[in-house]
1. Determine, for Ile152, Ile250, the number of other Cβ atoms within 10 Å of each Cβ, and report the residues in order from fewest to most.
2. To the nearest 20 debye, what charge dipole does the chain have about its Cα centre, counting +1 at the Cβ of each Lys and Arg and -1 at the Cβ of each Asp and Glu?
3. Determine, for each peptide in 275-286, 393-404, the mean count of other beta carbons within 10 angstrom over its residues, then list the peptides with the highest first.
4. Residue farthest toward the positive end of the dipole of the chain, with Cβ of Lys/Arg at +1 and Asp/Glu at -1: which of Asn341, Gln369, Ala101?
5. Express in % the proportion of alpha carbon pairs of the range 199-339 at distances exceeding 17 Å.
6. What is the fewest-to-most order of Thr84, Thr76 by other Cβ atoms lying within 10 Å of their Cβ?
7. For labels at Asn193 and Asp125 in the simple 7 Å Cα→Cβ model, what's the distance in nm?
8. Per-residue ellipticity at 222 nm for the chain, helices alone: DSSP H runs ≥ 4 residues times -39500 (n - 2.57), over residue total, nearest 500 deg cm²/dmol?
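What follows draws every value from the coordinates through simple rules; no lab data is involved. Everything numeric here is computed off the predicted structure, so don't read it as measured data. Because the Cβ atoms are built from the backbone with ideal geometry, glycine has one as well, and the counts that use them run over all protein chains shown.
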Amino acid sequence: MTRSRKLGAGRTFIFRRLAALAATLIACVAATAAPPPVRAITAFIDLDAQHYAQQFADTAARLKIAQARFEAAGFTVQTVRITTQPFMRYVGALSREQALALLTHLDELGRKEEVAINIGPAVLDDRPDPRALALLEEVHAQGLQLNASMIIADETGIHWNTIRAAAHHVARVAARSAHSQGTFAFAATAMLNPGSPFFPGSYHTGQPGRFAVGLQSAGTVAEVFARTHGDAPAATRALADALSGYARTIQQLAPDIEARTGWSFWGFDPTPAPLKEDSIGTALEAFQPATLGSPGSMTAAYVITEAERQVPGPRVGYSGLMLPVLEDSRIAQRWGEGAVNLDSLLAYSAVCATGLDTVPLPGDVTEAQLARIMGDVAVLAYKWKKPLTARLQPVHGRKAGEMTEFDNPFMVNTRLQALK
C-alpha cells in the first residue's frame with residue numbers, strides 16, 4: 001500500500017471513530033436529560049350500565065398506580081385517561097333521558113377524579129345511527145368533557161354518509177355550545193387503528209384491559225433540530241435515538257405496571273405531542289431555521305415521522321406528527337399571520353399525521369364546506385393508508401379576520417382565516 005493510501009485509510013478510520021464517539025456522546029446526553037412529560041396514560045375498558053360507577057372507580061385507582069410508577073421513574077404525568085367501548089354499546093338499551101343521565105354522571109366522575117374520558121366512536125362504519133348522533137350532539141352541546149369520534153374511513157373504504165354526519169355534528173355543536181368549544185372534544189378519524197392514547201380519536205372495539213402511553217415530547221424535537229442545523233439524516237438519527245430511549249424506558253416500566261394493575265401494555269405512541277408554549281411549531285422552525293409554512297417545513301415534518309418509524313417495541317396510534325393549531329402557541333401565531341392554512345396542513349399530512357387538528361374556522365362555514373374538508377382528509381388517509389384526523393372548530397358568530405374566543409386551558413386564541 002502506498003503512503004497516500006495509508007494516510008487515506010488512517011483518516012477514514014479516525015473519522016469513523018470520531019463519528020462513533022459523537023453518537024455515543026449524543027446518546028449519553030439524551031439518556032441523562034430530563035424526560036418529556038407523559039401526556040397520557042390511557043386505560044381501555046368495557047363499561048356496563050349497571051356497574052359503570054364502580055368500574056370507573058376501579059380503573060381510576062389503577063391509573064393512579066401507573067401514574068406513581070412513571071413519576072418514580074422521573075416522568076411528570078399530565079393526564080390519566082379512560083377510553084371505553086363505543087358508548088352506544090352500554091347506553092343503547094336505555095331511554096334517551098337515562099343515557100344522558102349516565103353520561104352526565106360519568107362526566108362528573110371524571111372531573112372529580114381528574115380522569116379524562118373518551119366514550120368512543122358514535123359511528124364505526126357508513127351507517128350513522130340517528131339515536132347515537134342525537135345523543136352525542138347533546139353531550140357536546142352541553143359541554144360535557146366526554147371525548148368521542150366518528151370513523152370516516154377505514155380499510156373498507158371512505159364513509160361518505162358518516163362524513164356528512166360528522167359535518168352536521170360540528171356545525172350544530174359549534175352553534176349550541178358555550179364559546180363554540182364543544183367541538184374540541186370531537187374528531188372525525190380516518191384510518192386510525194384502536195389503541196391510541198391520544199384524545200379525541202382514541203377508541204377500542206373489544207380490547208379492554210389494556211393501557212397505552214403518549215409523551216409530550218415537542219421539546220425533544222426542538223432540542224434535536226437546534227443542534228443538527230437542518231441536516232435531515234443527522235436529525236433523523238438523533239431524534240430516533242432520543243425517542244427510542246424513551247420507548248425502552250416505557251417498555252421497562254410496563255411489566256411492573258401490568259403486574260400491579262392486571263392490564264396488558266398495548267403500546268407507545270411516539271408522536272411528539274405539543275401543548276401551547278411547549279410547541280412543535282417552534283421545534284419545526286428550528287430545523288432550518290425558518291418560519292413554519294416556508295420551504296423546508298415539509299422536510300422537517302418528514303424527518304419526525306421517519307425517526308418514529310425506527311422506534312422499537314409495540315407502537316400504537318398516529319406515530320406521526322401533531323400540528324394542532326389551537327393547542328400550539330407558535331402554530332396558532334402562524335395561522336393568524338396566514339403563514340399556514342388548510343392547504344399547507346393537508347400537504348404536510350402527506351408525510352406525517354395527524355391531519356387537521358383543532359383548526360379554527362369562521363362561524364359562517366357551511367355543513368357542505370365542513371363535509372368537503374373532512375372528505376379531503378378521508379381521501380388522503382385512505383389513499384396513503386395512514387391515520388389522519390379532522391378536528392374542526394368553527395366559531396359561531398365570528399368572521400374571517402376576527403379573533404377566536406375560546407375559554408379552555410388547553411387552547412390559545414388566534415385570528416380566523418377566510419375559507420377559499
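1. On the way: Ile152 33, Ile250 26.
Ranking Ile152, Ile250 by Cβ neighbours within 10 Å, fewest first, gives Ile250, Ile152.
2. Working: 39 positive and 38 negative charges, 339 e Å.
My answer is approximately 1620 debye.
3. Working: 275-286: 22.8, 393-404: 17.3.
Sorting 275-286, 393-404 by mean packing, highest first, produces 275-286, 393-404.
4. The listed residue farthest towards the positive side: Asn341.
5. Values: 5973 of 9870 pairs.
In whole percent, the long-distance tail amounts to 61.
6. Values: Thr84 27, Thr76 13.
Arranged by neighbour count, lowest to highest, Thr84, Thr76 become Thr76, Thr84.
7. 2.2
8. Numbers: 13 runs with 196 residues, N = 420.
It comes out at -15500 deg cm²/dmol, rounded to the nearest 500.
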